[in-house]
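See below for the structure under consideration.
The values are calculated or read from the model by the stated rules, or taken from the named source; none is laboratory data. The structure presented is a predicted model; accordingly, all values stated were derived computationally and were not measured. Cβ: placed from backbone, ideal geometry, glycine included. Neighbour counts: every protein chain shown.
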Amino acid sequence: MDTKDVSERLAVRLKEARKSLGLSLDSLSKLSGVSNSMISQIERAETNPTVVTILRLTNALNVDFAGLIEDEISDQNPIKTITRAEQVPVIGGYGSDCTIRVLSTPEDLGDTEIYDITFEKGGALNSEAHAKGCVETLTVFSGEVIVTSGSASENLGQGDTIRYAADHAHSIKAPNGPVHCLLVVSGA
């Protein structure tokens, strides 16, 4: 399934879900916090919304995220989804000099979230406290990072893994150069 197919399927199914609840664009905008114009563009397949935008809309409509875009899974084809590299959602606006790719399936967001993160030299990802009991596990594939949770800090290098409380303010910093790591957030 290519990006155009996903956009068109999302457009049709999102509009159907909104209309089945008798909601206007304005009503859905107020419920979701997504602007009228953005909802309209999504429903016309004129934009590729972020994962966060889609989550806001599906939560407001009380519909299944994956169900909006996936084909039916049959017994003949046990593969549920394939997301090609160019289709992986990228989160913007968080951190500095870092790229965050969302590897989690839509239905897992909010429970267990998986992110592929790359940092440029001096890059950082600073986070406020998440929900009580939330834990993050970070594995460094290349480079070196400094991870801070609350008042504790640890230096990590290639191959190192750290598990830390994310219900405190926390950060990942790459002061010395490019870094590639995998972040798993549990209990978000």
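A compact table of results
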quantity: Filter result for the condition that a residue is of a type in the set (S, T, N, Q) and not in a strand (DSSP E or B), over N155, N176; calculated: N176
quantity: Which numbered condition D26 fails, given (1) of a type in the set (D, E); (2) loosely packed, with under 14 Cβ neighbours inside 10 Å; (3) in the same structural domain as K173 (by TED's automatic domain parsing); (4) modelled with pLDDT of 80 or more; calculated: (3)
quantity: Long-range neighbours under 7 Å by Cβ, at least six apart or interchain, first residue on the phi > 0 side of the Ramachandran plot within segment 132-150, second charged (D, E, K, R) and surrounded by fewer than 22 Cβ atoms within 10 Å (Cβ to Cβ); calculated: G133/D167
quantity: Cβ pairs under 7 Å, 6+ apart, first in segment 26-54 and closer than 20 Å to P89 by Cα, second surrounded by 14 or more Cβ atoms within 10 Å (Cβ to Cβ) and among the aromatic types (F, W, Y); calculated: I54/F65
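Rundown of residues vs (1) closer than 14 Å to I172 by Cβ; (2) not in a loop (DSSP other than H, G, I, E, B); (3) not assigned by TED's automatic domain parsing to the domain that holds H170, yes/no style:
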| site | (1), (2), (3) |
| --- | --- |
| G93 | no, no, no |
| T99 | yes, yes, no |
| E113 | no, yes, no |
| E120 | yes, yes, no |
| A124 | yes, yes, no |
| A131 | no, no, no |
| V140 | yes, yes, no |
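For every residue, the table says whether it meets (1) modelled with pLDDT under 85; (2) within 26 Å of I117 (Cα to Cα); (3) in a helix (DSSP H, G or I); (4) not assigned by TED's automatic domain parsing to the domain that holds V102.
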{"residue": "R9", "(1), (2), (3), (4)": "yes, no, yes, yes"}
{"residue": "K19", "(1), (2), (3), (4)": "yes, no, yes, yes"}
{"residue": "G22", "(1), (2), (3), (4)": "yes, no, no, yes"}
{"residue": "Q41", "(1), (2), (3), (4)": "no, no, yes, yes"}
{"residue": "V63", "(1), (2), (3), (4)": "yes, no, no, yes"}
